[in-house]
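In what follows, a structure is listed as structure tokens, so that the remarks can point back to it.
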Amino acid sequence: MTALKAVSLSVRENEFFTLLGPSGCGKTTLLRLIAGFEQPTTGAIWIGGEDVVGLPPFKRSVNTVFQSYALFPHLSVAQNIGFGLRMRGFERAAIDKTVGEMLELVQLSGAGDRRPNQLSGGQQQRVALARALANRPEVLLLDEPLSALDFKLRKEMQLELKRLQRETGVTFVFVTHDQEEALTMSDRLAVMSNGEVQQIGGPTEVYEFPANRFVADFIGETNILEGSVEAVQDGEILCRLGNDVQVAVRGRADIGARVSLAVRPERLSLEPAAELPGAGRLDGTVAEAIYLGNGTSYHVDIADGGRLLVRGQNRADGRMTFARGERVSVHIAPESIRLLRE
């Protein structure tokens, strides 16, 4: 099988770069190619101005943190961190100095004499990071290192990883299938599907301006609306949604063409059905109202047979604004709509 198809990307120095995509999309294969665990059938991999294709992992200025931390259970925390330096023949004084710096960096000063089984999952993750950073690699590769942690600890470690990247200046290449994780930590990210890169950009760019339907659907939640082009003028197209709604969207398409449009749930707003004029709205019925604590997700069945997801704030008393079965109007702000390519 072809795991990757003509993938081409550049990761900047001192950047937190994320490879994001569903299982089987090729992101871990790409990481293994950078690490040297796999070799490409064609192409080049440049690290620090050198083509490293054919070089084994230990000859590349790269270290990897795996999903399983792979700490040596019979060694102390300090010995785990200094292991790579000992294998490279560093003197004891230099190793002790670096280990001390790494323990302070990951906020584990005083834990050097403990064994891995005496640490929490988050602390073990920090030791694995410290061991990888101790060798001063040009690139640190991270293969879903937070997936084994519970929700709250994973949130804390996301901020910790970003802090470590800023303080060390090391280029991080991070693999995950968690969209929120990628948006939280990345300077830039590459969204992958079926062995191909679909879009590369900053978190805001990828979320707000998805390159195609896959990216729009994969990154966060979105509504896909089908419309027809009625007019084209000055880089905008006038689309008709259903029978009543016309919206102007930036993009290119031919008159009469069927197009797909994306709009995020938080960009839509709900009003009682009788309080909006007909233009710029889709009328429907609340099919489900799901309480989320800080807001509510409304699933609205609209008149043409489709369903929209709308996210809104709860009332000041904490109650949901609309109830299941209530007639509502969904207001669509034209500036929030994105034209998609397949």
request  = May I ask for the angle, rounded to the nearest 10°, between helix 151-168 and the longest principal axis of the chain, with both axes built from Cα atoms and the value confined to 0 to 90°?
outcome  = 60
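For the ranges 77-83, 326-332, 94-100, what's the packing order if you count other beta-carbon atoms within 10 Å of each residue, average per peptide, and put the highest first? It would help to have the intermediate numbers written out before the result.
Numbers: 77-83: 23.4, 326-332: 19.3, 94-100: 16.7.
My ranking of the peptides, most packed first, is 77-83, 326-332, 94-100.
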request  = Please give the length that would be gained between residue 46 and residue 156 if that part of the chain were fully extended, namely 0.36 nm times their separation in residues minus their C-alpha to C-alpha distance (nm, one decimal).
outcome  = 36.3 nm
query = Lys pairs in the chain, Cα-Cα under 25 Å, at least 8 apart or on separate chains: how many?
reply = 7
ask   = Of (i) 1.03; (ii) 0.93; (iii) 1.08, which one was derived for Rg/Rh (Cα atoms, Kirkwood Rh) from the structure shown?
value = (iii)
note = With residue 37 itself left out, Lys, Arg at +1 and Asp, Glu at -1 over residues whose Cβ is under 11 Å from its Cβ give 0
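Please compute the net charge surrounding residue 80, taking Lys and Arg as +1 and Asp and Glu as -1 over other residues with Cβ under 12 Å from its Cβ.
Counting the neighbours of residue 80, the net charge comes to +4.
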query = Relative to the longest principal axis of the chain, what angle (0 to 90°, nearest 10) does the C-alpha long axis of helix 92-105 take?
reply = 20
ask   = Roughly speaking, what is the centre-to-centre gap between region 194-259 and region 68-117 when only Cα atoms are used, to the nearest Å?
value = 51
task = Report, to two decimal places, the Cα Rg of region 55-101 normalised by 2.2 N^0.38 Å (N = number of residues).
result = 1.25
note = Toy charge model, Lys and Arg Cβ at +1, Asp and Glu Cβ at -1: region 16-217 dipole around Cα centroid in debye, rounded to 20, equals 640
ask   = Over region 195-269, what relative contact order in percent results from Cα pairs under 8 Å that are six or more residues apart?
value = 27
request  = Would you work out the relative contact order for the chain, in percent, from Cα pairs under 8 angstrom that are 6 or more residues apart?
outcome  = 16
query = When the chain is modelled as a GNM with alpha-carbon springs shorter than 10 Å, which of 222, 296, 28 fluctuates the most?
reply = 296
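If you place +1 on the Cβ of every Lys and Arg, -1 on the Cβ of every Asp and Glu, and leave all else neutral, what size is the dipole of the chain about its Cα centre, to the nearest 20 Debye?
Working: 38 positive and 43 negative charges, 218 e Å.
Value, rounded to 20: 1040 debye.
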query = Relative to the longest principal axis of the chain, what angle (0 to 90°, nearest 10) does the C-alpha long axis of helix 77-87 take?
reply = 70
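Where a number appears in this text, it was derived from the coordinates with a stated rule and is not lab data. Only a predicted model underlies this, so the values are computations on that prediction, with no experimental measurement involved. Reconstructed Cβ throughout: ideal geometry from the backbone, glycine too, with neighbour counts over all protein chains shown.
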